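All of the numbers you see were taken from the coordinates with simple rules; none came from a lab. Just so it is clear, the structure is predicted and the values come from calculations on it, not from any experiment. Glycine gets a Cβ as well: all are built from the backbone with ideal geometry, and neighbour counts include every protein chain shown.
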Amino acid sequence: MLEARNFSLSVGTKDLLINTSFRIGDKDRIGLVGLNGTGKSTLLKVISDQQTTHTYSISGEILKSSGTTLGYLPQEISFEDDLEKTSLHYTLQANSTLYELSELIDQMEAELASPEHDHESEAYHQLIHDFSEATHKFERLGGYRMQSDSEKVLSGLGFSEADFHKKVKAFSGGWQMRLLIAKLLLQNPTLLLLDEPTNHLDIDSLRWLENYLLNYEHSVVIVSHDRFFLDKLTTKTFEIGFKRIHEYKGNYSFYESAKVERYEQSMAKYKNDLKKIQHLESFVERFRYKATKARQAQSRLREMQKLQAELETPEQDLSQISFRFPKALPSGKVVLNLERISKSYPLANGSQKTVFQDVNLEVMRGERIAIVGSNGAGKTTLCKILSGQTEFDGRFTLGHNVELSYYSQHQTENLAGEKTILKEMMDAAPDSERRQRVRDILGCFLFSGDSVEKRISVLSGGEKSRVALAKILLQSSNLLILDEPTNHLDMRSKDMLIEALENYNGTLIIVSHDRYFLDSLVDKVIEIKDGLLNIYQTPYADYLHKKEKQLSLESAKQQPQAQKKVTKPTNSTKAKTAIKNNDKKLALLEKRIQELEDEKKELENTISASDFYQSHSDPQKTLQRYQHVSDELNKLYENWETMVS
């Protein structure tokens, strides 16, 4: 499908890849991994032709087989030309051929209905013929499923029916990213390139996307810091390291273990080559000036020089840095208590959006809690209530001797823009011991060398978030509330944070969409749904398992009874009646579809006849009937798909 040969890539004076080769085959599922800055996103842009050679220096070949189509999801998007379109209209454009054909059909329908046309002219007869051909082609290519397919994908990614008719500009950046994902999936490219697709998805939409991609019939390349996502979907891993691409024939977990083994083998070879070089060097120095050994010495010298030229220190990017939170005095047994808490927000139309109503919650010392729920359910609002950052109705009691640290998604507002990163961290360090570790901590959060001297004001949003999170590690607390702490972290930074939190001796409350992160840390789950708190006294993996079973049961209940396989005889009259009624409805629906299809075919033959206007006293009425039949058929097709799905 796609092959790179002797491929090199550089940005300015920085080489990202040098003389490397790789191949993406049909139906490959590849995870693209590597440290931040190694060129993962850049490589996807180049493959997808999103950048010109004026920006990047490229040499070698990238060959694509005929028929290869590309779909690319970048980390940053722009909807400048589509802001006024509705979300449904935007996704309907996924198949440009069908969309343009539907626009053409609408245009021809308007022309056919225009009273200005000479109904006996050759041009009008040609228009009828073209209209008939276009509708046949539209139906043959699946045009009548276009809207229902778009609605299914949008629903799977979390959009409600009301959202289908909202303009693109009304959605936040995260929801606009979901729109682009929906459009890409509907385009069904043979090679799908996804750069951090999980960043803006909640648990439900993430689960839906995973299942969709598991059944995707073409090739996928994914850049992601979500281990669960990579493990579930990928069967190969491409690692960018030392300006090469190394292939591992397995998912991310396989890659991690295989990488350690490869490193050990490389290190053994490296040490062995060093010994050879030392031995050869000793021989050359001893015999190079002896006439009887000169030829042998020269041969050894050439061998030594070749080994030195090929010698590479094995790459070891496994972090050796660990960090522990400063210890705080223990809190009381009850850390916090909520009694009959209610919270509402005013809406633009004057009404109120109720987030919580009469909620109760007690958090005990040492608990490690995940707060989960769909986007907009109230996870961040609950964190703000617990940390005293927002007003509410009800009673909130903070326990004895509680020292609270809170990392919010808006924590960057508390950073001093005029300070450098290093100065901001040093000023936050409570003692000299902590100040000595500041550079180590910044290194874990992807700041090293001269980058620590950057001013806060010039940093990107993601960089500011990492600084704010790094500051949290310097503060002593016995209650830590973290709202999406991993959004801008790579795998290594997350591992360091997980290790620090595993050794944290206080109470921990986390909001995160990163399942590996939660699974490593929490033993209790609070699910927010419909303004209520559902408590699960279980690790996160067990909670997910329960939710999967629950969703499977709900899905089974929603399936039409006629489609279920009955494994045991039943005497239930109600069950038999339900099956019988469904069969009857389906049969009547199919009968009606057949009748309308027959009528539509007759009308098409009538309209396309050369003497249509001479033999009919009211041709406009026939055209209107044709449109009515077509519209009714579209609705019946959708009803039929719902009943048999």
If a helix is a whole DSSP H run, which ones in the chain reach 15 Å or further along their own axis (Cα) and hold a mean Kyte-Doolittle hydropathy of at least 0.5?
-> 173-187
Looking at this model, which pairs from Lys423/Lys464; Lys276/Lys306; Lys384/Lys419; Lys152/Lys183 are more than 19 angstrom apart at the alpha-carbon?
-> Lys384/Lys419
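Would you mind checking Lys379/Lys546; Lys45/Lys236; Lys353/Lys529; Lys64/Lys85; Lys14/Lys64 for any pair whose Cα atoms are more than 24 angstrom apart?
Exceeds cut-off: Lys64/Lys85; Lys14/Lys64.
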How far is it, in nm, from the label point at Ser148 to the one at Asn6 when both lie 7 Å from their Cα along the line to the Cβ?
-> 5.4
Evaluate E = 1/(1 + (r/R0)^6) for Glu599 and Ser155, where r is the Cβ-Cβ distance and R0 equals 45 Å; express this FRET efficiency to the nearest 0.05.
-> 0.90
His89 paired with Thr68, simple spin-label distance in nm, labels 7 Å along Cα-to-beta-carbon = 3.6
What FRET efficiency, computed as 1/(1 + (r/R0)^6) with R0 = 30 Å and r the Cβ-Cβ distance, is obtained for Ser448 and Leu307, rounded to the nearest 0.05?
-> 0.45
Between Gly366, Leu92, Leu596, whose Cα lies farthest towards the positive end of the dipole of the chain when Lys and Arg beta carbons carry +1 and Asp and Glu beta carbons carry -1, centred on the Cα centre?
-> Gly366
Would you mind checking the radius of gyration and Dmax of the range 334-554 based on alpha-carbon positions, in Å?
-> 18.5, 57
Describe numerically, in nm with one decimal, the distance between label points set 7 Å from Cα along Cα→Cβ at Thr538 and at Asn36.
-> 3.5
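Nearest 20 debye, what's the magnitude of the dipole of the chain about its Cα centre given +1 on Lys and Arg Cβ and -1 on Asp and Glu Cβ?
Details: 85 positive and 93 negative charges, 805 e Å.
Here the chain has a charge dipole of around 3860 debye.
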Full extension between His119 and Gln187 adds, at 0.36 nm per residue less the Cα distance, a length in nm of 20.6 nm
Which of the aspartates and glutamates could be linked to Lys601 by a straight reach, that is with a Cα gap under 13 Å, when you skip same-chain ones fewer than 8 residues away?
-> Glu133, Glu139
Using a cut-off of under 13 Å, list every residue of the range 412-435 whose amide N is near the label point 7 Å from the Cα of Arg455 along the Cα-to-beta-carbon line.
-> 416-421
Using 0.36 nm per residue, how much length does the chain from Ser172 to Arg435 gain when fully extended, once their Cα-Cα distance is taken away?
-> 90.8 nm
For a label point 7 Å from the Cα of Lys293 along Cα→C-beta, name the residues of the range 254-282 whose backbone N is under 12 Å from it.
-> 280-282
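Give me the one-decimal Kirkwood hydrodynamic radius in Å for the chain, with the sum taken over alpha-carbon pairs.
30.0
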So between Ala348 and Asn639, what do we pick up on full extension, going 0.36 nm a residue minus the alpha carbon distance?
-> 101.1 nm
Estimate the FRET efficiency between Ser257 and Tyr212 by the formula 1/(1 + (r/R0)^6), using the beta-carbon distance for r and 35 Å for R0, to the nearest 0.05.
-> 0.80
